[in-house]
Amino acid sequence: MPSPEPSAGMPPCVLEDMPPPPAGMPLIVDFENVTKTYDAGTPRAFTSITDINFKVEDRPKIGEFVGVLGPSGCGKSTVLRLIAGLAPHFPQTMGKVFVNEQPVQGPGPDRGFVFQDYSNFPNRTVIDNVAFGLECAHVEEKERKAKAMEWIQKVGLDAKRDGLKYPHQLSGGMNQRVAIARTLIMQPKIILMDEPFGALDPTTRQSMQDLLVSLWRELEATVFFVTHDIAEAVYLSDRMYIFSPSPGTIRHQLKITPADRPARQMQAERSFQESVLAVRDILEKLELEKAALAAKGSPK
Ligand SMILES: Nc1ncnc2c1ncn2[C@@H]1O[C@H](COP(=O)(O)OP(=O)(O)OP(=O)(O)O)[C@@H](O)[C@H]1O
Ligand SMILES: [Mg+2]
């Protein structure tokens, strides 16, 4: 069955090269010639990313969705963890990483991280998991519980029915909703998501994509989102960074039509599927490059 065109008034999904930000624009994240080498100076030295350069403008009250794609092992998680200030990826070996125009010194409440694996505390109820950050910030109990209940509803769970459950009593999708609520309740300016929907079935995944778009609009944050799912990246991203094989560097910076309609609707359109094919083409070429590099011997 031929895929439909977007309904009247809706822009088709288009990929373009990303123009550099206008000079003097405030930046929320800025990588300048960033390289990470583990065990530098020893025979085990391994360079995971090399000479990474990108600039994401600060767009207060709008934010931006930045998709990150590339072959396995090219350094996507390394880049996210450098933004978050998380060891052992942080600090970088060379170059500079700025958040809000300040060099990253370590983790901070302006950046929230959602991991692929269910990172909820097993011995805390849903409410206490979601309220964890507020508890660390010494927000008093009544207020933090009320806020947690509000966020549990926002991520599509039932605060009354699910609030007192423990993580082992939840499905994978529910656990990931709790992890998202736990991060977003702190209203970070930057949300870092490393394959957050990797373990979910396709239907749950699409509803999580819609949920994420609506929450992100509300928070007006900048989201960095790593995924191996090309359709997910094309749907969610305003901008996409595609990495080369290891040692990773950014090979393509693309600008993409924003997700302005539900995932199910947009993903059925022809222009969307053509964009997915174009990105798949790029990634397949990178996989071939990775295989050729491996055949020649590991890169230094
Ligand atoms: N602590 C460490 N010590 C040594 N090498 C590491 C360490 N952490 C990561 N690496 C290496 O750095 C490279 C990049 O890792 P990273 O996890 O950033 O890749 P990735 O793109 O996120 O991969 P994937 O898609 O499989 O998650 C990999 O080759 C990995 O083995
Ligand atoms: Mg990774």
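Some notes on this structure:
- The stretch 224-239 - residue that is within 27 Å of residue 100 (Cβ to Cβ) and within 16 Å of ligand 2 (Cβ to nearest atom) and, of those, farthest from the chain's Cα centre (by Cα): 233
- Cβ pairs under 9 Å, 6+ apart, first in the stretch 8-28 and more than 20 Å from residue 234 (Cα to Cα), second basic (Lys, Arg) and part of a loop (DSSP other than H, G, I, E, B): 28/59; 28/189
- Matching residues, the stretch 95-112, being more than 15 Å from ligand 1 (Cβ to nearest atom) and either in a strand (DSSP E or B) or buried (at least 19 other Cβ atoms within 10 Å of the Cβ) (or both): 95, 96, 98, 99, 102, 103, 104, 111, 112
- The selection criterion, being in contact (Cβ under 8 Å) with a residue 24 or more places away in the chain, part of a helix (DSSP H, G or I) and either more than 16 Å from ligand 1 (Cβ to nearest atom) or among the acidic types (Asp, Glu) (or both), does not hold for residue 83.
- Scanning the stretch 173-189 for residues that are in contact (Cβ under 8 Å) with a residue 60 or more places away in the chain and surrounded by fewer than 22 Cβ atoms within 10 Å (Cβ to Cβ) turns up 186, 188, 189.
- Complete set of residues in the stretch 45-60 that are part of a strand (DSSP E or B) and either surrounded by 15 or more Cβ atoms within 10 Å (Cβ to Cβ) or within 16 Å of ligand 2 (Cβ to nearest atom) (or both): 46, 47, 48, 49, 50, 51, 52, 54, 55, 56, 57
The rows are residues; the columns are (1) assigned to a loop (DSSP other than H, G, I, E, B); (2) closer than 28 Å to residue 280 by Cα; (3) acidic (Asp, Glu).
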{"position": "157", "(1), (2), (3)": "yes, no, no"}
{"position": "161", "(1), (2), (3)": "no, no, no"}
{"position": "168", "(1), (2), (3)": "no, no, no"}
{"position": "173", "(1), (2), (3)": "no, yes, no"}
{"position": "206", "(1), (2), (3)": "no, yes, no"}
{"position": "214", "(1), (2), (3)": "no, yes, no"}
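Laboratory data are not the source of any read-out in this text; all were calculated from the coordinates shown. The model shown is predicted, which means the values in this text are computed figures rather than measured ones. Cβ sites come from the backbone with ideal geometry, for glycine too, and all protein chains shown count toward neighbours.
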